[in-house]
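Input: a single structure, listed below in structure tokens.
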Amino acid sequence: MKSDDPITNLVSAFARLPGIGERTASRLAFYVLNEPDSLADDIAEALMAVKDQVNLCERCCNLTQAETCSICRAPDRDHSTICVVANAQDLRAIENTGEFDGAYHVLHGVISPLEGVGPDDIHMSELLERLQSADANGGTEVQEVIVATSPSVDGEATSLYLSKAIKPLDIRISRIASGVPIGSELEYTDKSTLSRALSERREL
Amino acid sequence: MLLDALRCRRFRNLESVDIEPHRRFNILHGANGQGKTNLLEAIYLLSAVHSFRNHTNAQMVQFGRDSATLEARVDRGGHERIVRIEISSGGKQVYLNNSIVRQLSDFFGTVNVVMFGPQDLSILKGSPSERREFVDDAIFNAQPAYATEQQHYDEVLKQRNALLKEPDPDRALLDVYGEQLVQYGADIIMRRLDFIEHFSPVLDRTFRRIFDPDFSASVRYDMKWSSKLQGIERYQEVSVSRAEIEQDLESGLEATSGTERERGYTLIGPHRDDLDARLDGRPVGTFGSQGQNRAFILAMKIAVITYLEERYHFAPILLLDDVSSELDRQRNRQLFDFLRQRDDGQVFITTTHRDFIHLDEDLKVFEVDDGKVIDA
């Protein structure tokens, strides 16, 4: 509901952002109000630009300013291996490891009936298209899919669902390993994590 | 397991409380409504982080204040730790040795308590959820990772039920949640069966020693939905494998798939199971007298403590909330006989009448009056 008071409006606008409560929102609003105009201009401009200029890569659904993203355009990457992630932040996390030189596919969400998110609400059909036709994948046939959704209940369900959809296509599909986090205590690790870490153990 | 010091600030009616409890018996004495149970609740919170009362965080903070603080110095096997919980309407924050606990699973198991209050006296006649809670609390005390497993199961169950409520649920997705339900559900059933297998003999021994050597007491895990595994009597050496449980859950889901679509929720699984308590082979809840019911429950609580001591070698802190007024004179005496005979173990007892409490050594009495607690 919009009020006539611009300060109230700004506070409620900030409060709609995740992780920002009423109190923080009002602190931010008064900060913007007391700073020179240039701050408000810069923020407004950056906000509009992000909505105007950023769209989804037509191949992998990553965020990009062009039609296809820089990763899909990179000639030296292995476009026959696709790593499936839930969102752009996860893509960035994997990129930052420097360990992966294949392509990605960004789902922009995980399946969650509780929140009304079904398989059709995440960008899965684009992925299946890429797997079925080399044309949809820039001319390269896909050899392998690595599912890198989080090992949470929703991430697992999404990964299981994907594997059921991909299995008939006869493409190698794997799931990132999960197990005991580095620096943690074994005694406090839950049983499902531990038993999975055990069953997916590797030789020394 | 020892609570060496307890501090409460702005917690319910406890404005400012600092006590140094006795290593054995602590009697919290005072009239009704003075804050005795709040003190037990504070200790319980420092163990389980949630309360045994169904109240919001805001209700736990003293009226007109922003936040409450609970802090305890605990000693486990010579290892001293400072546990602190900050409660505000926004939530709870746990600190262990002054550092923030980010994952509660890293914290659970630091303080172990067993609670016995008037609300427990109805568990044999109450709903199955009360009996599942008894089993789950006991498992959680010794195996903190159980809390995470339960959380996983609950999440899958909620997702699956949400999907079942959709007018035309995706078949493949329903299969996915079915597989997950089987996996996480089997984790929980295995833990419960393992507990009951070890607990039932302890319960029998306890009941015979304390109440009546001629009666046999037993509990078994009751999966009413399961055709094959119905009422497995694990203590009779009939063992069941994880694969069998998974298979049974699978066929159970299959058998109920039509009905669950109609009703819009999952009809089988550990969230529907029960604990079947029997005295001489007959269900106590329905066939037992009032006295037998109370004796049985008392034996269950005592047996949990013995079970934890014998199997895991630690004595949990026992919180007794006004039970003496609910038990008859004989059962009350039997309870205190048990407590005195133990070599060790810290106990907190609330009472309105000092003479209900048959203890006269190794103790401290705290007078609780209008939110103030005085070492008497």
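The values are calculated or read from the model by the stated rules, or taken from the named source; none is laboratory data. From a predicted model like this one, the values you see are computed outputs, not experimental measurements. Here the Cβ is made from the backbone with ideal geometry for all residues, glycine too, and neighbour counts use every protein chain on show. Please note that ligands, DNA and RNA were not included when accessible areas were found on the heavy atoms of the full protein model with its side chains. Shrake-Rupley method; radii C 1.70, N 1.55, O 1.52, S 1.80 Å.
Connecting C-alpha atoms closer than 10 Å in a GNM of chain A, tell me which of A:Glu99, A:Glu35, A:Glu45 has the biggest fluctuation.
Evaluated over chain A, the most mobile residue of the options is A:Glu35.
Sort B:357-369, A:157-169 for me by packing, meaning the mean count of neighbouring Cβ atoms within 10 Å per residue, highest on top.
Taking the mean over residues of other Cβ atoms within 10 Å, the ranking is A:157-169, B:357-369.
Would you be so kind as to list the residues of the stretch A:169-204 that have their accessible area lowered by at least 40 Å² in the full protein complex compared with their chain by itself (1.4 Å probe)?
At a threshold of 40 Å² (probe 1.4 Å), the residues of the stretch A:169-204 that become less exposed are A:Tyr188, A:Asp190, A:Lys191, A:Ser192.
222 nm [θ] for chain A, helices only, -39500 (n - 2.57) per DSSP H run of 4+, per residue, to 500?
Numbers: 8 runs with 86 residues, N = 204.
The helix-only estimate for chain A comes to -12500 deg cm²/dmol at 222 nm.
Counting only protein heavy atoms and rolling a 1.4 Å probe, how much accessible area do A and B lose on contact, total for both sides, in Å² to 100?
Separately minus together, A and B give about 2000 Å² buried.
Per DSSP helix of 4 or more residues, -39500 (n - 2.57); summed, then divided by the residues of chain B. What does that give at 222 nm, rounded to the nearest 500?
Rounded to the nearest 500, the figure is -13500 deg cm²/dmol.
Normalised by the number of residues in the stretch A:6-53, what is the relative contact order in percent for Cα pairs under 8 Å and 6+ residues apart?
Here the relative contact order equals 26 percent.
Label the protein assembly as shown by shape, choosing from rounded, prolate and oblate, from the square roots a ≥ b ≥ c of the eigenvalues of the Cα gyration tensor; if a/c is under 1.5 it is rounded, and otherwise prolate applies when a/b is larger than b/c, oblate when it is not.
oblate
Using a 1.4 Å probe, what is the accessible area per residue for chain B, in Å²? Numbers along the way, then the final one.
Working: 16350 Å² over 376 residues.
I get 43 Å² per residue for this part.
Given springs between every Cα pair under 10 Å in a Gaussian network model of chain B, which of B:Val323, B:Val111, B:Val17 has the largest fluctuation?
Of B:Val323, B:Val111, B:Val17, the most mobile in the Gaussian network model is B:Val17.
Taking chain A as a Gaussian network, where each spring joins two C-alpha atoms under 10 Å apart, which residue of A:Ser184, A:Ser152, A:Ser112 fluctuates the most?
Largest GNM mean-square fluctuation: A:Ser184.
Roughly speaking, to the nearest percent, how much of the stretch A:74-113's 1.4 Å accessible area is carbon and sulfur?
C and S fraction of accessible area: 45 percent.
What share of the DSSP beta bridges in the protein assembly as shown is antiparallel, in percent to the nearest 5?
60 percent
Given a cut-off of 29 Å, what percent of all Cα-Cα pairs of chain B lie beyond it?
Above the 29 Å cut-off, chain B has 47 percent of its Cα pairs.
What whole-number value in Å² describes the accessible area per residue of the stretch A:6-53 for a 1.4 Å probe?
Here the residues of the stretch A:6-53 average 80 Å² of exposed surface.
May I ask you to list the aspartates and glutamates whose Cα is less than 13 Å away from that of B:Lys165, ignoring any residue fewer than eight positions away on the same chain?
A:Glu115, B:Glu260, B:Glu262
For labels at A:Arg23 and A:Ser178 in the simple 7 Å Cα→Cβ model, what's the distance in nm?
Simple spin-label model gives 3.4 nm for this pair.
Round to the nearest 10 and give me the degree value, 0 to 90, for the angle of helix B:128-142's Cα axis relative to the longest principal axis of chain B.
Around 70 degrees separate the two axes.
Counting other Cβ atoms within 10 Å, keep those with at most 12, restrict to DSSP loop, and tell me which trypsin sites (Lys or Arg not before Pro) in the stretch A:1-36 are left.
A:Lys2, A:Arg16
Relative contact order, percent, of the stretch A:69-203 when contacts are C-alpha pairs under 8 Å separated by at least 6 residues? Write out the running numbers ahead of the final one.
Numbers: 167 pairs, mean separation 28.9, N = 135.
Normalised by residue count, the contact order of the stretch A:69-203 is 21 percent.
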